[in-house]
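Remarks on the structure that follows.
Rule-based calculations on the coordinates, nothing more; no lab input. None of the values given here were measured: they were computed from a predicted structure. For neighbour counting, all protein chains shown are included, and Cβ atoms are generated from backbone atoms with ideal geometry for every residue, glycine included.
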Amino acid sequence: MRSTADRAGAIDVIFFTPAVGPIGYPISAATNEDADAAIAFSAQPLRQLADRLQPRLSVGYSAFYWLPHAMVGYGSMAYAKLMLDMLAHNDPRRFRIIRGGTFRSPATRGIGLLLQRALKSPPHAELKELGARYKATGGKFSDFFFNFASEQENIAFGEFHMDDHRATDREDLTKATLMMLRGETTAPGICVIGDWIWTEEQMPELDREVFKIQNEVLKRHGLA
C-alpha cells in the first residue's frame, strides 16, 4: 500500500473546522502561550495537512474576530483565526477561508458561559463594560450576548446590504461552502452573515491595542 505522502494530490479539497483554545476573556489579554495553544490545535494542522497531502485547495473556517463582541471574549482563538486568514491571503491558490457570522452552537454557548462567570469579578475593562450593558438589559445572559453580537454585525456590515440582518445558520454556511467547492470565486475568503454573502480580497484592519502580540505570533509561526 502506498503511503499518504505517495498519494499527494489524490485529495481535492480539505475543509478544516476545529476550534479549541483558551477563550472567555478579551483578545487584548491573550498571552503568547495561549495564542500558541490555540494555533497548535485550530490552525497549524491545516497547514501540515496541506503540505503532506497536497490537495488542490485547503479551506479553514474563520470568524469576524475583530468585532466588539469577539474582542471581549474570543481570547487566544483570535490568533488561530488570524493565522488561517494569513495563510489564505498569502497564498490563495492553496488556502482559502470561509468567514462565518455568529450562530447558536455549543461553542457560542460555551463562550457565553465563560463570560458570564467572568462578569462576577471582571478583571478587564472590556468585561466591565459588557457587564454594564447586560445589567441595563436584564434577561438571560446567553440571549443578551447573542443579540449583542447580532447588533455589532449589523453595525459593521448592514449599510452594505439590502436585506435585513439575521443570524447565520448552517444553511448559510453550506451556501458559502458550495461556492468554494464550485470554484465560483478565486478570492482568498468568502464571508457570510445570514443572507449576506460576499468575497474578501483584503485582510481586516486590526486594532493594535487589542491585537498586542500580533507581530510576535505571526513571526513565530513564519507568517510575518
Sorted by Cβ density within 10 Å, fewest first, the residues Lys120, Lys81, Lys128: Lys120, Lys128, Lys81
Acute angle (nearest 10 degrees) that the helix 77-90 long axis makes with the longest principal axis of the chain, alpha-carbon atoms: 40
Entry for log10 I(q)/I(0) by the Debye sum over Cα atoms at q = 0.12, 0.17, 0.18 Å⁻¹ (calculated from the structure that is shown) out of (i) -0.68, -1.47, -1.65; (ii) -0.72, -1.30, -1.39; (iii) -0.66, -1.26, -1.38: (iii)
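How big is the stretch 1-106 by the Kirkwood estimate over distinct Cα pairs, in Å?
14.4
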Linear extension gain, Leu114 paired with Ala40, 0.36 nm per residue minus alpha-carbon span: 24.5 nm
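Starting from the Cα-Cα distance between Met203 and Arg104, subtract it from 0.36 nm times their residue separation and give me the gain in nm to one decimal. Could the numbers behind the result be given before it?
On the way: separation 99, 0.36 × 99 = 35.64 nm, distance 2.57 nm.
My answer for the length gained is 33.1 nm.
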Protection proxy ranking, peptides 61-72, 168-179, average beta carbon neighbours within 10 Å, highest first: 61-72, 168-179
With Cα atoms, 0 to 90° folded angle of helix 170-181 axis to the chain main axis: 30
0 to 90° range, to nearest 10: angle between helix 44-53 axis and the chain longest Cα axis: 10
Exposure proxy ranking, count of Cβ atoms within 10 Å, fewest first, for Ser76, Ser142, Ser105: Ser105, Ser142, Ser76
Packing-based exposure ordering (other Cβ within 10 Å, fewest first) of Met203, Met86: Met203, Met86
Rounded to the nearest 20 debye, dipole of the stretch 12-220 from Cβ charges on Lys, Arg, Asp, Glu: 640
Nonlocal amide H pairs with Ser58, under 5 Å, H built at 1.01 Å: Ile14, Phe95, Arg96
Relative contact order %, the chain, counting alpha carbon pairs below 8 Å whose residues are six or more apart: 23
Residue of Ala80, Ala187, Ala43 that the Gaussian network model of the chain assigns the largest fluctuation, springs spanning Cα pairs under 10 Å: Ala187
